[in-house]
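Right, one structure below, let's go through it.
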Amino acid sequence: MSQVHIKTKINGDNIEFLCDPEETLLDILRDKLHLTGTKEGCGTGDCGACSITLDGKLVCSCLVLGAEADNSEISTIEGMSNGEKLHPLQQKFLDHAALQCGVCTPGILVAAKSLLEKNPDPTESEVRYWLAGNLCRCTGYDKIIKAVLDAAKEMRS
Amino acid sequence: MMVKVRIWGSLQKATDNKEFVEVEAENFKQLLDNLSLKYPKLKPQISRGVSVAIDGLIYKNSWFTPIKPENEVVLMPYMVGG
Amino acid sequence: MSPLDNTYEKQFKVIGTRPPRPDGIEKVTGKAQYGADLYVPDMLYAKILRSPHPHAKIISIDTSEAEKLDGVKAVVTSKDFSKFSDNKPSDTLVNCIAHEKALYDGHCVAAVAALSNTIAKSALKLINVEYEILPHVTDVDEAMKTDSPIVNKGYVLENVPKGFSENVTSYYEFGHGDLDNGFNNADLIVERTFKTEAAHQGYIEPHACLASMTPDGKADLWCCTQGHYNVRALCADIMGMESSQLRVTPSEIGGGFGGKTTIFIEPIALALSLKSGKPVKLVMTRDEVFKATGPTVSSSMDVKIGMTKDGVITAGEANLRYQGGAFPNGTVEMGAQSAFAAYDLKAVRTKGWNVLTNRPKQAAYRAPGAPQAIYAVESVVDELCQKLNLDPLEIRIKNAAKKGTKSSYGPTFDDIGLIATLEAAKKHPHYLAPLEENQGRGLSCGFWFNFGGDTCVTLNVNFDGTIGVTEGNPDIGGSRASISQMAAEELGISYDKVRTIIADTNSLGHNEVTDGSRVTFAVGLATIKAARAAIKEMCKRVSLIWGIDEDAVRWENGSAIPAGPNAGQFDPMSIEEIAAMSSQTGGPIAGHHEVNAEGAGVSFGVHLADVEVDKETGSTKVLRYTVFQDAGKAIHPSYVEGQMQGGAVQGIGWALNEEYIYGEDGRLQNAGFLDYRIPVASDLPMIEPVILEIPNPGHPYGVRGVGETSIVPPLAAINNAVSRATNIRFSELPLSPPKVLSSLKKEINDG
């Protein structure tokens, strides 16, 4: 089984890798590149723990093949903060205690960032529906929604 | 000193259908040991594990928790949690 | 109970504030390492072959073709475990890997370690298992019948009455008073049968581990678990190892809720590592998590309650039948004790039967056994109130258990805070807010015991006066922050001077699993005691420096000071100064405390739920939800709120959508998050938490466990709200749209 040579840009860095044709992008990110901030919760696109952006579009990386990522730009949780400076969403998640176990947090942050890029002033309902594909079992979402709304407010000002 | 112990419903088969039994005990361990001696049919349950409520507070398994005659002592199944 | 020198009356400086958690930045930047996030050199990837049959005798397993596949380094079956111990294999081992029979759909029968996941998956297809299919049973009532297929022989305890199949493994009965007389005194009696389906804990992180075992009997194990000391004990027993030779390091844990209190894959990874001579990583898929790890029990329950027309409950009776999968469990007795705990009753009796079925072995799930029984009781209480036209909250206050009540499970209650919690609900604007058409409001009380247990804490005073706390309980919801707060409070220093870590199994003595809502209570208690031990040592060092008696030095606001005017005139010595001289005054300073913490104190909660039922589709929308709970003392209020909100939403999911669905073939039909639907953000309103603080005398600061009680009330709160919104009394969970719709249609057809 011959492997496919893929060139991508991940969090701004040029990255090349070889992958099996059936390997998912999630497996590449984790097992080959050890970017383990992207989590696998289900492997079937139902939980959103593996959320990344691929050419600016929010996707579940478990539903994308590594081979499909050729010549694409990928953003993962590892690219969200800038050196010492956290993204406002990351900071608000800490301020609002919007995580308990934290395993869904990277996916939710990536998804929320994607929302605020499209809609800088979302309503509570818009946040809830945008994040409906990201499961959190610990928090009941309350503090997550508040953190996203608060981050949006700060980013607007 | 004699301590009065309350036995739960289905376990009363092992105490001749008595809801309350009295045994000599000054702590949790003596209580269990003497219950097993006096009512051998309690042994299987005691060896699987029992907790003891003393004046309303539940003790899971601390042998040397003191028990006084004036305490309310209730045997309970060993506690499990999540 | 020994005096604890309780200080919960004092003004706290750190307790009750909301500082950032020490593991926060790692978790928002993706750096935190969970079970599946560790990679080591020369590591293999493992996969498990699982039975497609709910009940089948394993005639033979041929692994030869799999072993020949290029890149496969080891294959194990149950035979590989027999060399580790001469004893009969434990239930835990047989649940990890089937021995003579596959006992449920998804039961592990063999496992492979290979150079990659892809190769390991291919190898599974080359393993040939010959099965003899046996009749199966997955329903609790069916499994109790004398003609039921027998799931697993030899488990019936001496306490089981005659007349049931061998699947009924244990029986419990609790209560007091004259039931007949009680029911005779009632103006109205309601009797109903209820059913709940199994719900999965649904943690987002699947089970994962990385094992490295060498032929000299030593091993290192990294895994996500609620209790690595328990992992060590169970694995050492299975692998015939001495505890000291198995070092277990807990990863960050991506949720547990009780489901990660035991082991499922760790011995498999250890055996594959031993056989291959390489480190082995084993990560479950979501499908495997649903099929082969513990959901909660499913239940079938009869509840009968009598009430006078002015709302006095005269008698309560519950018969509970819980199935917990293919191995015995101790859940029904918890339900039978909890069922009527919120009430002050003259006559009460509960009976419970634990039953085996061809389903995965149940695992603890937040307050195991209580949500089901309390759902049934609270639904009947609500129905009685509705039929007698009584206010359900007033009636609960009227009948509430309080100090001096002989509880339904035996002991007499001390101060328990239920009435205060109910009064808080009554005063809250939610309770009297107007409702519209197709909307209903439900109310339920909840109860849980809470535990303490074995706990060890070491607190090191570093040379710069900062503090390192080492504890042994995986942090599932921010507990490192709470523990640091308690250390800082006791030492009189600021929160940011303390860092709390969770140690591996070799660094501390045994710590009970993170369960029973015990961590903030028990680890907190041990931390406070460890801090007090360090303070005592620091006072001693200062007494040497000052040349006065040890008793003449006391601790205040992070400094040693003379205890009184007679002790002499000395400037206070700060913790930094004392620490800096510690080498010269006798060596490094530490405090530690090891204890079996008892006296956790029971906990009550009250939930209010408003729902709207769509009569066209049968779907239920939660409009408003408020949680009232006694935390004793909220150390970090944000994380207390988080427990209350999270537990409530898990209960809402259980009430509205979550269920294990088994087909006629005994196979699980919905082993994935698409078909097993946990609540998503758009399903929910904000969940308002109202924290009450009625100090627990068993803890120095008054802490009471908060993690479990919150899952108990939602089942009945939602059921009562839906029942009132539709004017149809429902008695089966979940209240999924098809179920509600068919009842609505039936109601219309029946006129």
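The values are calculated or read from the model by the stated rules, or taken from the named source; none is laboratory data. Please read these numbers as outputs of a predicted model, since none were measured by experiment. All Cβ positions, even for glycine, are placed from backbone atoms using ideal geometry, and neighbour counts span all protein chains on display. Areas reflect the complete protein model, heavy atoms only, side chains present, ligands, DNA and RNA absent. Shrake-Rupley method; radii C 1.70, N 1.55, O 1.52, S 1.80 Å.
For a quick check of your reading of the model, give me the residue pairs whose first member lies in region C:723-751 and is under 17 Å from C:Arg677 (Cα atoms) and among the β-branched types (Val, Ile, Thr), whose second is in a loop (DSSP other than H, G, I, E, B) and at pLDDT 95 or above, with beta-carbon atoms closer than 7 Å and at least 6 apart or on different chains.
These pairs meet every condition: C:Val740/C:Gly618.
More than 30 Å from C:Ala219 (Cβ to Cβ), of a type in the set (Val, Ile, Thr) and assigned by TED's automatic domain parsing to the domain that holds C:Ser484: does that describe C:Val513?
So C:Val513 does not fit the description; no.
Please enumerate the residues belonging to region C:481-514 that are assigned to a loop (DSSP other than H, G, I, E, B), more than 17 Å from C:Thr455 (Cα to Cα) and polar (S, T, N, Q).
C:Ser494
Hey, which of the strands (runs of 3 or more DSSP E) in region C:128-242, taking only ones fully inside, have at least 2 residues that are open to solvent by 50 Å² or more (accessible area, probe 1.4 Å)?
C:128-133, C:188-196
Are any residues in region C:657-672 within 14 Å of chain A (Cβ to nearest Cβ) and surrounded by 24 or more Cβ atoms within 10 Å (Cβ to Cβ), and if so, which ones?
Hit for region C:657-672 is C:Glu658, nothing else.
Only one residue in A:Ala97, A:Ala112, A:Ala152 is under 21 Å from C:Gln650 (Cα atoms), outside the structural domain of A:Ile52 (by TED's automatic domain parsing) and open to solvent by less than 30 Å² (accessible area, probe 1.4 Å). Which one?
That would be A:Ala97, the only listed residue that is under 21 Å from C:Gln650 (Cα atoms), outside the structural domain of A:Ile52 (by TED's automatic domain parsing) and open to solvent by less than 30 Å² (accessible area, probe 1.4 Å).
Under 6 Å between Cβ atoms, which residue pairs at least 6 apart in sequence (or on different chains) link something in region A:67-85 that is more than 10 Å from chain C (Cβ to nearest Cβ) and open to solvent by less than 70 Å² (accessible area, probe 1.4 Å) with a partner that is in a strand (DSSP E or B) and polar (S, T, N, Q)?
A:Ala69/A:Thr8; A:Ser72/A:Thr8; A:Ile74/A:Thr8; A:Ser75/A:Thr53
Please work out if C:Ala46 is open to solvent by less than 20 Å² (accessible area, probe 1.4 Å), of a type outside the set (Val, Ile, Thr), farther than 30 Å from A:Pro106 by Cα and assigned to a strand (DSSP E or B).
Against the criterion (open to solvent by less than 20 Å² (accessible area, probe 1.4 Å), of a type outside the set (Val, Ile, Thr), farther than 30 Å from A:Pro106 by Cα and assigned to a strand (DSSP E or B)), C:Ala46 does not qualify.
For region C:608-641, enumerate the residues that are within 25 Å of C:Leu733 (Cα to Cα) and either in a helix (DSSP H, G or I) or in contact with a Gly (Cβ under 7 Å, 6 or more places away or on another chain) (or both).
Within region C:608-641, C:Ala609, C:Val611, C:Val627, C:Phe628, C:Gln629 qualify.
Here's the yes/no breakdown for (1) open to solvent by less than 10 Å² (accessible area, probe 1.4 Å); (2) not assigned by TED's automatic domain parsing to the domain that holds C:Leu735:
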residue: C:Ala373; (1), (2): yes, no
residue: C:Val377; (1), (2): yes, no
residue: C:Gln386; (1), (2): no, no
residue: C:Asn389; (1), (2): no, no
residue: C:Ile419; (1), (2): no, no
residue: C:Leu422; (1), (2): yes, no
residue: C:Ala433; (1), (2): no, no
residue: C:Gly440; (1), (2): yes, no
residue: C:Ile467; (1), (2): yes, yes
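Kindly establish whether A:Leu18 is surrounded by 22 or more Cβ atoms within 10 Å (Cβ to Cβ) and either in a loop (DSSP other than H, G, I, E, B) or free of Cβ contacts under 8 Å to residues at least 40 places away in the same chain (or both).
no
What pairs can you find where one residue is in region C:401-423 and more than 10 Å from every other protein chain (Cβ to nearest Cβ), the other is part of a loop (DSSP other than H, G, I, E, B) and of a type in the set (Gly, Ala, Ser), and their Cβ atoms are less than 7 Å apart, with a gap of 6+ or different chains?
C:Ala401/C:Ala341; C:Ala401/C:Ala342; C:Ala401/C:Ser407; C:Ser408/C:Ala339; C:Ser408/C:Ala341; C:Leu418/C:Ala342; C:Leu418/C:Ala401
Only residues that are open to solvent by 10 Å² or more (accessible area, probe 1.4 Å) and β-branched (Val, Ile, Thr): list them for region C:486-512, please.
Across region C:486-512, the qualifying residues are C:Ile493, C:Val498, C:Ile501, C:Ile502.
Mind checking which residues of region C:546-563 are part of a helix (DSSP H, G or I) and touching a Phe, Trp or Tyr at 6+ places or on another chain (Cβ under 9 Å)?
C:Trp546, C:Ala552
Check C:Glu732, C:Glu664 and return the single one that is in the same structural domain as C:Lys633 (by TED's automatic domain parsing), of a type in the set (Asp, Glu) and touching a strand residue (DSSP E or B) at 6+ places or on another chain (Cβ under 7 Å).
Going through C:Glu732, C:Glu664 in turn, just one is in the same structural domain as C:Lys633 (by TED's automatic domain parsing), of a type in the set (Asp, Glu) and touching a strand residue (DSSP E or B) at 6+ places or on another chain (Cβ under 7 Å): C:Glu732.
Please work out which residue is nearest to the other protein chains (Cβ to nearest Cβ), limiting yourself to region C:633-656 and to residues that are closer than 14 Å to C:Arg704 by Cα and open to solvent by 10 Å² or more (accessible area, probe 1.4 Å).
The extreme case among them is C:Tyr639.
Only one residue in C:Pro19, C:Pro52 is within 28 Å of the chain's Cα centre (by Cα), surrounded by fewer than 23 Cβ atoms within 10 Å (Cβ to Cβ), modelled with pLDDT of 95 or more and not assigned by TED's automatic domain parsing to the domain that holds C:Tyr660. Which one?
C:Pro19
Conditions: (1) outside any helix (DSSP H, G or I); (2) within 13 Å of chain C (Cβ to nearest Cβ). B:Ala14 meets all but one. Number of the miss?
Just one mismatch for B:Ala14, condition (1).
Can you find a residue that is surrounded by fewer than 24 Cβ atoms within 10 Å (Cβ to Cβ), at pLDDT below 95, on the phi > 0 side of the Ramachandran plot and not in a helix (DSSP H, G or I) anywhere in region C:515-533?
Checking region C:515-533: not a single residue is surrounded by fewer than 24 Cβ atoms within 10 Å (Cβ to Cβ), at pLDDT below 95, on the phi > 0 side of the Ramachandran plot and not in a helix (DSSP H, G or I).
Being more than 12 Å from every other protein chain (Cβ to nearest Cβ) and either over 19 Å from C:Pro206 (Cα atoms) or outside any loop (DSSP other than H, G, I, E, B) (or both), is that true of even one residue in region A:30-53?
yes
Please find, within region C:680-691, the residue that is farthest from A:Gly45 (Cα to Cα) out of those that are in a loop (DSSP other than H, G, I, E, B) and at the interface with another protein chain (Cβ under 8 Å from one of its Cβ atoms).
Only one residue fits best here, namely C:Met686.
For C:Ile97, work out the one condition from (1) touching a residue at least 60 places away in the same chain (Cβ under 8 Å); (2) more than 26 Å from the chain's Cα centre (by Cα); (3) away from every other protein chain (no Cβ under 14 Å) it doesn't fulfil.
(2)
Could you tell me how many of the residues in region B:33-54 are closer than 20 Å to C:Ala597 by Cβ and more than 7 Å from chain C (Cβ to nearest Cβ)?
Counting residues in region B:33-54 that are closer than 20 Å to C:Ala597 by Cβ and more than 7 Å from chain C (Cβ to nearest Cβ) gives 5.
If you check C:Lys57, C:Lys83, C:Lys68, C:Lys79, which single one turns out to be modelled with pLDDT under 95 and out of contact with any Ser or Thr (no Cβ under 9 Å at 6 or more places or on another chain)?
C:Lys83
One line per residue, one yes/no per condition, for (1) surrounded by fewer than 24 Cβ atoms within 10 Å (Cβ to Cβ); (2) away from chain B (no Cβ under 14 Å):
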site	(1), (2)
C:Gly294	no, no
C:Ile305	no, yes
C:Thr308	yes, yes
C:Gln323	no, yes
C:Ala326	no, yes
C:Lys346	yes, yes
C:Asn358	no, yes
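If I go through region C:49-82 residue by residue, how many of them are part of a strand (DSSP E or B) and charged (D, E, K, R)?
Matching residues across region C:49-82 total 4.
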